[in-house]
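Derivation of every value follows stated rules applied to the coordinates shown; laboratory data play no part. Computed from a prediction, not measured in an experiment: that's the story for all the values here. Note: ideal-geometry Cβ built from the backbone for every residue, glycine included; neighbour counts use all protein chains shown.
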Amino acid sequence: MDALLDAVEIYFSGQRRNYRDSHGRPKKLDYDDMVFNAFARDHRWIRPLRDYVAMYTHVLGARLPDHLDALRILEETAG
């Protein structure tokens, strides 16, 4: 919710909602810069999901069957 309200504040006033500079003034941020930053980030979820599955199978002392290791294949082809 904070991120959405921050984005709305940037859109309408060009400044951050909860982020302040060293003088206590709201930090300036152009909406176009915010959009560029959002799309330039890596939001892939495959690697964290694969790490989670690996940790879970390790804790259980099990091995993920090869035919279910699609996450590895997706990660390798996406990279």
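Distance between the modelled labels on Gln15 and Leu60, one decimal in nanometres: 5.3 nm (7 Å Cα→Cβ projection). For the pair Leu49 and Leu5, the difference between a 0.36 nm per residue extended length and the Cα-Cα distance amounts to 13.0 nm. Couplings for the stretch 45-57, taken from phi via the Karplus curve 6.51 cos²θ - 1.76 cosθ + 1.60 with θ = phi - 60°, read 10, 5, 4, x, 5, 5, 4, 5, 4, 5, 5, 5, 5 Hz in order; Gly and Pro are left as x.
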